[in-house]
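Below is one structure, written out as structure tokens; the observations come after it.
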Protein chains: 2
Amino acid sequence: MKQQPVTLKDIAAKLGVSVATVSRALRGYPDIRPETKEAVLELAEEMRYRPNPLAMNLRKNQSNIIGLMIPEVVHHFFSSIIEGVMEIAEEQGYTVMICQSNEDFERERRDVGMLLSARVDGLLISHANSTTDFAHLQEYLDLGIPIVMYDKVTDDLDVSKVVVDDYQGSFQATEHLIVQGCTRIAHIRGPQGVKNAEERLEGYKDALLKHHLPVDEELIKNTYRVDLAEGATATSELLSLPHPPDGIYAVTDLVALGVMQTLRESGISVPNQMAVIGFSNWFVSSVVDPPLSTVHQPGTEIGKTATTMLINEIRLGQADQSVVHETRVLNTRLVVRDSSKRKRG
Amino acid sequence: MKQQPVTLKDIAAKLGVSVATVSRALRGYPDIRPETKEAVLELAEEMRYRPNPLAMNLRKNQSNIIGLMIPEVVHHFFSSIIEGVMEIAEEQGYTVMICQSNEDFERERRDVGMLLSARVDGLLISHANSTTDFAHLQEYLDLGIPIVMYDKVTDDLDVSKVVVDDYQGSFQATEHLIVQGCTRIAHIRGPQGVKNAEERLEGYKDALLKHHLPVDEELIKNTYRVDLAEGATATSELLSLPHPPDGIYAVTDLVALGVMQTLRESGISVPNQMAVIGFSNWFVSSVVDPPLSTVHQPGTEIGKTATTMLINEIRLGQADQSVVHETRVLNTRLVVRDSSKRKRG
DNA sequence: GTGAAAGCGCTAACAT
DNA sequence: ATGTTAGCGCTTTCAC
């Protein structure tokens, strides 16, 4: 009932030649008689021969699989990264094995181990917010398996990295609010110890300093899960301050949406009473009312760049050549929409 | 520099036993001396042995890989399906290889072939809107590789399927608008020949008929790419009708968002002048203003169900047992938000 | 120019 | 209870 896939042996048998000859013909090996080659190619085509990657890879001791650790699949920013990764991987003959950490360190460690067991040739990872110990990744490096970190990276590991310029993006977002006339700008920040959250905080502070505005710790709110609800809570707290802000810069669009919902419920008009800006440029930001200003992070580009770098390192490693790690910083782009656009005067 | 992964041979050598013994100890084979077993287990742990799946799979002639064809990765509905698929796959020891068809038939055919070459044990597919020829899938069936279709399915193939009850969801959405007092309800429909688009159209028509409302072809608009812009265009056309509708039911939320944008620009108030409802329940629908009523499609459940069914068929096939194909219809759920909620009276 | 044989890491008869 | 052998499909010496 279930027909077996065609193997080299099948072709060899039908042609009365050896398996080796068929193999050589198929991979365009030089020392082969043209007629033989042609006969093989023709029969292979006719029998719909497909090389068995498991056998090939076992032989070469490689899998042609790239592991991708991603915090959340259902998330515009991350799914656009996946898209970029897949595009390059497919183009280069690699397949992608995706695992979702859900921002959970234990799960990350388990899945990273699973990918190692699956013999991935390289790993792309944005680590969970809760990750502080990188021993599970060091294990890869000890085995000579390259890692490229993207988005959430750490200085603790000597690997190549792809990040966006969080500091610059954050600086621009804050400065934009200042230019719009805001003088008390709150920042709802990301989790402590997470690099890009820290950089965004720095960019925010430096923009204030540049414009001789005070950095008021009262106006800096923390998040932990970085979600809608935390944006809402932080906003309520900010509104109940004796001297509330006139602008809010949220660490990510989702949080900014929570901000906007609470403002709407509180009858505060955006942008005139309160200017709002987010970070990431999710699709949803463009369709809410008022459309949310934000900082665009080039998700697909991050995915493409990281994958290109990783495959490059994989190939260098296979050729026993030395690799030089590098950190690529991609530019963000300020996207001004109505939520921060004050009328002139 | 690059240390080789530990193999059974390494363990056997260190322990002075044969490879077979080590293999047996590791897989809990009965006929083995407790001391031997313990020694093996201990050393394997110490040496951080990980079985090479390529070797095991080559032996068993299976890959433990599930192929997943998905129209678009960056799409809330589809990424939640991916999440469901990954959850079950990981739980069952399978890995997922994802390919994106981008609604392009040629790309779908190519990628389906690539997955076949990668020797996937089974295939999950939502076919592209443009797919009418299913020979590339029949090839799987001929090879005894199970397929489960989800979301976009066809009657042309004898395989298991997972769909949502588009007809019922559509009927409910339309009836809801009628109950809210709409008497001229437009439908912006999905592409011709695509099954779920046709079913939604039927549900719409039948709801009108049930309530003795005429089906006016003028009020049925087509889409091809099913995007924001088409929703906007269709709305403009509907508004310029001599007798415009008082409710719009769009085939999917994205289209409904285009509808809402155009209505806002035209100064038409939602829901009172025009009630709007979409389909799919994207995350974005809950955060727009007014929040968009819609029909929830359980994406994660679709992914989980389809994967469970597929793995089941894979295992039955491996055990040479017969499989019975079935079609699972998951219920949709009407989500009423402000875009369709008319004031009483 | 082509065949024979070894081996990638593992499992499963078949021996002992 | 353990070792020996063969083989999964493929590539790559080494012969001839």
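The values are calculated or read from the model by the stated rules, or taken from the named source; none is laboratory data. Being a predicted model, the structure only gives us computed values, none of them experimental. Neighbour counts run over all protein chains shown; Cβ positions are idealised from the backbone, glycine included. Protein only, heavy atoms only, side chains kept; ligands, DNA and RNA dropped before computing areas. Shrake-Rupley method; radii C 1.70, N 1.55, O 1.52, S 1.80 Å.
For the pair the stretch B:112-151 and the stretch A:71-93, the centres of their Cα atoms are 22 angstrom apart. What does DSSP give for the protein assembly as shown in terms of the percent of beta bridges that are antiparallel, rounded to the nearest 5? Antiparallel: roughly 10 percent of the beta bridges in the protein assembly as shown. The modelled label-to-label distance for the pair residue A:210/residue A:168, using points 7 Å beyond Cα in the direction of Cβ, is 1.2 nm.
Diffusion coefficient of the protein assembly as shown by Stokes-Einstein, Kirkwood radius over Cα pairs, 4 °C, 1.567 mPa s: 46 µm²/s. Taking a ≥ b ≥ c as the square roots of the eigenvalues of the Cα gyration tensor, an a/c ratio below 1.5 marks the stretch A:166-297 as rounded.
Its Cα centre serving as origin, the protein assembly as shown has a Cβ charge dipole (Lys and Arg +1, Asp and Glu -1) of approximately 320 debye.
Provide a whole-number value for the mean count of partner chain Cβ atoms within 10 Å of the Cβ atoms in peptide B:71-84. Working shown, then result.
Details: counts 0, 2, 11, 13, 4, 6, 1, 3, 8, 2, 2, 6, 5, 2.
Shielding by partners across B:71-84 averages 5.
Here each label is just a point 7 Å from Cα along the line to Cβ, and for residue A:266 and residue A:325 those points are 4.4 nm apart. Proximity of backbone amide H atoms, modeled 1.01 Å from N, is registered between residue B:122 and B:67 at under 5 Å, excluding neighbours fewer than 5 places apart on the same chain.
Just check the stretch B:1-126 against the gyration tensor rule for me: Cα atoms, a ≥ b ≥ c as the square roots of the eigenvalues, rounded for a/c under 1.5, and otherwise prolate or oblate depending on whether a/b exceeds b/c. Taking the square roots of the gyration eigenvalues as a ≥ b ≥ c, the stretch B:1-126 is prolate. When the square roots of the Cα gyration tensor eigenvalues are ordered a ≥ b ≥ c, the ratio a/c for chain A is 1.5 or more and a/b exceeds b/c, which makes its shape prolate. At a probe radius of 1.4 angstrom, the accessible area of the protein assembly as shown per residue rounds to 44 square angstrom.
Summed over both chains, the area buried between B and A is near 4900 Å², taken from the accessible surface of protein heavy atoms with a 1.4 Å probe.
Of the trypsin sites (Lys or Arg not before Pro) found in the stretch B:1-42, those in coil by DSSP whose Cβ has at most 14 other Cβ atoms within 10 Å are B:2, B:27.
How many angstrom separate the Cα center of the stretch A:275-345 from the Cα center of the stretch B:159-234? For the stretch A:275-345 versus the stretch B:159-234, the Cα centre distance is 37 Å.
Remark: mean inter-chain Cβ contacts per residue of A:107-119 equal 2, using a 10 Å Cβ-Cβ cutoff to other protein chain atoms.
Each residue of the stretch B:333-343 was assigned a 3J(HN,Hα) from its phi angle through the Karplus curve 6.51 cos²θ - 1.76 cosθ + 1.60 (θ = phi - 60°); the sequence is 9, 6, 10, 8, 10, 5, 5, 10, 8, 7, 5 Hz, with glycine and proline shown as x. Charge dipole of the stretch B:211-252 (Cα centre as origin; +1 on each Lys and Arg Cβ, -1 on each Asp and Glu Cβ, all else neutral): 120 debye, rounded to the nearest 20.
Within chain B, the selection of entire DSSP H helices by a Cα span of 20 Å or greater along the long axis and an average Kyte-Doolittle value of at least -0.5 returns B:76-91, B:299-318.
Only Lys, Arg, Asp and Glu carry charge here, each on its Cβ (+1 for the first two, -1 for the last two); on that basis the stretch B:166-297 has a dipole of about 60 debye about its Cα centre. The H on the amide N of residue A:330, modeled in the peptide plane, is under 5 Å from the matching H of A:163, A:164, A:165, each at least 5 residues off or on a different chain. Near residue B:130, the amide H atoms lying under 5 Å from its own belong to B:105; only residues 5 or more places off or on other chains count, and H is placed 1.01 Å from N. Estimated from the Cβ-Cβ distance and a Förster radius of 25 angstrom, the FRET efficiency linking residue A:224 and residue A:139 is about 0.30.
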